[in-house]
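Scroll down for the structure; my scribbles are underneath it.
The values are calculated or read from the model by the stated rules, or taken from the named source; none is laboratory data. This one's a predicted model, so the numbers in the text were calculated from it and none came from an experiment. Cβ: placed from backbone, ideal geometry, glycine included. Neighbour counts: every protein chain shown.
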Amino acid sequence: MRPVVLAIVGHSGAGKTTLIERLLPMLNASGIRVATIKHSHHEIALDAAGKDSWRHRQAGAKASMLLTPSGMSLVADAIDHHDPEQWAQHYFSDMDLVLAEGFSRTSCNKIEVLRAICCPVARCAIEDGLIALVTDVEKVYPQLPHFALDDISAIVQFMLDNMQYSNSISKVKQGGDK
């Protein structure tokens, strides 16, 4: 079974990272194994010059993984596609849910963080896979569920319900539920 991928989208400064930080403890407490993928439009130094993984990459490795007693890090060549569902399936197949921060232009389902103080105009449309808003703006997409910025338990319940729906769809597509 592949993980459910849900993008948390919104304008810069809207509170996407803060929302994810607040969702994770409650999702974990629900027994959900969650991974995150962050999209950045900016170049970020991922590998320190002179370190072993950097030297491996300079010598021609397409990917280099560093394992420590407490974790792992992977540095790999960027590829053209920026589809969080493909990344999730490849790297997080043992997870139940992958929260993808950003990725507003992908086809996966999205929850948008929309704050009047930041930008009261939604970044995504319903046709883009928008399924809910975490917002203090009332008049945007009234047909979608709206959640207050601090109503974490209701957002988590909506996500859990959405995951069950997504898993049911996947089973039907794979021929599991007939």
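Just one of the numbered conditions (1) within 19 Å of Ala125 (Cβ to Cβ); (2) touching a His at 6+ places or on another chain (Cβ under 6 Å) is not true of Ser107: (2). Answer yes or no: is there a residue in region 128-150 that is farther than 19 Å from Leu23 by Cβ and within 19 Å of the chain's Cα centre (by Cα). Yes - at least one qualifying residue is present in region 128-150. Within region 149-178, the set of residues being of a type in the set (D, E, K, R) and either modelled with pLDDT of 85 or more or within 30 Å of Gly13 (Cα to Cα) (or both) comprises Asp150, Asp151, Asp161. Within region 1-42, the set of residues being in a helix (DSSP H, G or I) and surrounded by fewer than 19 Cβ atoms within 10 Å (Cβ to Cβ) comprises Thr17, Thr18, Ile20, Glu21, Arg22, Leu24, Pro25, Met26, Asn28, Ala29. Being over 30 Å from Ala29 (Cα atoms), surrounded by 14 or more Cβ atoms within 10 Å (Cβ to Cβ) and either touching a residue at least 24 places away in the same chain (Cβ under 8 Å) or not basic (Lys, Arg) (or both), is that true of even one residue in region 99-115? No - not one qualifying residue is present in region 99-115.
Can you tell me which residue among Ser64, Ser104 is under 25 Å from Arg22 (Cβ atoms) and either under 14 Å from the mean Cα position of the chain (by Cα) or outside the structural domain of Gly10 (by TED's automatic domain parsing) (or both)? Criteria check complete, one pass: Ser104.
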